[in-house]
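One structure below.
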Amino acid sequence: MTELDGATVEVVRSYLLSAAEEMRATLVRTSFNPVIYEVHDFGMSMYDAGMRLIAEATGLTFFLGANDFALRKGVEYVGRENLHPGDVVLMNYPYWNSAHAYDATLFAPVFEGADLVGFLCVRAHWMDLGAKDPGYVLDSTDMHQEGLIFPGTKVVSRGEPVREIHELIRFNSRMPDEVLGDLHAQIAALRTGERRLLEILAKFGRPTVEAAVERIIADGEARTRAALAALPQGSWTAVDWVDDDGITDDPVKMQVTVTIADGVFTVDFAGSAPATAGPINMPYGATEAICKVVLKSLTSADQPSNEGTVAPLVVKAEPGTLFHAVYPQPTFTLWTGIVAVELILKALAQGMPDRLPASSGGDVPGFMMVGVHPDTGKLFAVSNNDPVGWGATPHHDGMHAATHVSGSTGRTTPIEVLEAKTGMFFERVEIRTDSGGAGRHRGGAGLRRDIRFVTGGEFLSVIKKTRSRPWALDGGHEPEANQVIVFPGTDREERVSTRRTAVAPGDRVTLLTAGGGGHGDPRDRDPAAVRDDVAEGYVSPQAARDLYGVDVDD
């Protein structure tokens, strides 16, 4: 093994990270779908020849963690011996892909001459691939209702597009131009990464790069184990509920036990519900990914990820249960994983309340409109994930109207894009007063949107925590929960969670996103801070009097 100094290792690591970020820029610049180029609903990773993560670009944290599991399953299915220079493989089989069928994973081997020296992986959300419903599937009861499935299929073979597969995708999509455009954008990102990785190998030499990778992975593991040793040791259990499974209205139980001991971080979902009839079940790889997010945030939040940073993780979930779906159980509406991130943090907060915030909104309030655009005559399906209030910490208030903690650098879809590409007109977007949980430190406020439809179509709300409030800490108050109100102010007014609703011009919907949990007794809050909150519209004068004991002159 080549001996390297620390400076060389850091330079090689920076080159690898830069290559991953260039892949990201290529995807953003060339994709057709706003959920990719605006929301950043993607994840891309670089691996060595042993399929160990060596670098990744910023994206959805769930996707990045899921790529590790998916790549190994994909290569196992295709066979290393069947991979050749120029190949690109598509996989969306949910139980291997660690996601639902529309999160398309493309991976490619990288060859230096005849030697396989690495792998590249790009995952991104496609808007249609032949599922039973356009846009998003909310009530599937088996995998085959959720779209066309590719278990590990070459879309490019030895550098040449496989026309038959491209045409199969085209004829199985309601939005073929957008889907094929995104397919080619992902291929372009892989080609960018391939060029840059080969340039790095040529610049430094393969022995140097391989030695640097060993040091990078070893350092990642050492940092994580040292951070785990510094955390409180013990075992903690928490329970929460998902609104429903999309088929019945019955709430679905989630339970987790988190143990930190002997340098290992164990997450056990025993006690959770069996797999449900509806599509909220989690593929095991997706469950593993959410646990990686929490472990990483606790131990090395300021360091790039690699194989070593999650080496101490053990995830337990029995096959056929909510957190380990097996064929043919439906998996399309994976909001379970978002709520479960908060569940894991809820368990950990029992053992380290001084290190963790209260719950941040509890869920991601997603919505989408599907219809035919009057200008183009083509089907549209455009989505958005709304922001929520973040939980307060022992030291400061929670942020207002921010991407959920599970979303990393994910963004909301700009109103200009939503209005131009759909039949939605936004009459109001503002902070939701009194939505943050009261406390010595106040939870962040959520958001209110009032939408009027100017064309007909379907409005899809995708959210799984509206019936219960997010949790608070140390005597803080729970925040207002997420709410979706369809047809407000009419005799059809109804509060819903995950629902596909037919709408006509003139119909309205109101979306109210949750705030963050409060931390500490509200009566201990600085009165000047309460008055500032009222002046800014975060807290009403009545709440200031009733919850904080502060009289505010209107």
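The values are calculated or read from the model by the stated rules, or taken from the named source; none is laboratory data. Note that the coordinates shown come from a computational prediction; the quantities given were computed from them, not determined experimentally. Please note: Cβ atoms are built from the backbone with ideal geometry, for glycine as well, and neighbour counts cover all protein chains shown. The area values use the complete protein model at the heavy-atom level, side chains included, leaving out ligands, DNA and RNA. Shrake-Rupley method; radii C 1.70, N 1.55, O 1.52, S 1.80 Å.
So that you can scan it fast, the table gives a plain yes or no per residue for (1) in a loop (DSSP other than H, G, I, E, B); (2) farther than 30 Å from residue 547 by Cα:
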| site | (1), (2) |
| --- | --- |
| 376 | yes, yes |
| 416 | no, yes |
| 425 | no, yes |
| 429 | no, no |
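Which residues, counting only those in region 182-192, are open to solvent by 10 Å² or more (accessible area, probe 1.4 Å), of a type in the set (A, V, I, L, M, F, W, C) and in contact with a Ser or Thr (Cβ under 9 Å, 6 or more places away or on another chain)? 188 - this is the single residue of region 182-192 that is open to solvent by 10 Å² or more (accessible area, probe 1.4 Å), of a type in the set (A, V, I, L, M, F, W, C) and in contact with a Ser or Thr (Cβ under 9 Å, 6 or more places away or on another chain). Against the criterion of being among the small types (Gly, Ala, Ser), open to solvent by less than 20 Å² (accessible area, probe 1.4 Å) and part of a loop (DSSP other than H, G, I, E, B), residue 65 does not qualify. Assessment of region 239-261 against the conditions (surrounded by fewer than 20 Cβ atoms within 10 Å (Cβ to Cβ) and in contact with a helix residue (DSSP H, G or I) (Cβ under 6 Å, 6 or more places away or on another chain)) yields no matching residue.
Residue-by-condition table, conditions (1) touching a residue at least 40 places away in the same chain (Cβ under 8 Å); (2) on the phi > 0 side of the Ramachandran plot; (3) under 25 Å from the mean Cα position of the chain (by Cα):
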residue	(1), (2), (3)
428	no, no, no
433	yes, no, no
448	yes, no, yes
463	yes, no, yes
478	yes, no, yes
488	no, no, no
517	yes, no, yes
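Given the structure, is residue 310 within 17 Å of residue 66 (Cβ to Cβ) and open to solvent by 10 Å² or more (accessible area, probe 1.4 Å)? Answer is yes for this residue.
Output yes when any residue across region 390-408 is among the small types (Gly, Ala, Ser), at pLDDT below 95, open to solvent by 30 Å² or more (accessible area, probe 1.4 Å) and touching a helix residue (DSSP H, G or I) at 6+ places or on another chain (Cβ under 6 Å), and no when none is. The answer is yes; a qualifying residue exists. Against the condition free of Cβ contacts under 8 Å to residues at least 40 places away in the same chain, open to solvent by 20 Å² or more (accessible area, probe 1.4 Å) and of a type in the set (D, E, K, R), how does residue 195 come out, does it pass? Here the answer is yes, as residue 195 does meet what is asked.
Can you find a residue in region 299-308 that is among the hydrophobic types (A, V, I, L, M, F, W, C) and either touching a Lys or Arg at 6+ places or on another chain (Cβ under 9 Å) or farther than 27 Å from residue 264 by Cβ (or both)? Within region 299-308, not a single residue is among the hydrophobic types (A, V, I, L, M, F, W, C) and either touching a Lys or Arg at 6+ places or on another chain (Cβ under 9 Å) or farther than 27 Å from residue 264 by Cβ (or both).
Flag: residue 533 matches the condition of being open to solvent by less than 20 Å² (accessible area, probe 1.4 Å), in contact (Cβ under 8 Å) with a residue 12 or more places away in the chain and of a type in the set (Asp, Glu).
If you filter region 1-37 down to residues that are in contact with a helix residue (DSSP H, G or I) (Cβ under 6 Å, 6 or more places away or on another chain) and assigned to a loop (DSSP other than H, G, I, E, B), you find that the one that is surrounded by the fewest Cβ atoms within 10 Å (Cβ to Cβ) is 1. If the condition is being closer than 30 Å to residue 149 by Cα, part of a loop (DSSP other than H, G, I, E, B) and open to solvent by 10 Å² or more (accessible area, probe 1.4 Å), then region 319-374 contributes 319, 320, 326, 327, 328, 329, 334, 364, 365, 373.
If you go through region 39-90 and keep only what is farther than 20 Å from residue 210 by Cβ, free of Cβ contacts under 8 Å to residues at least 12 places away in the same chain and among the small types (Gly, Ala, Ser), you end up with just 79. Can you tell me which condition residue 58 does not meet? The list is (1) over 18 Å from residue 21 (Cβ atoms); (2) out of contact with any Leu (no Cβ under 6 Å at 6 or more places or on another chain), and all the others hold. (1) is the only condition that residue 58 fails.
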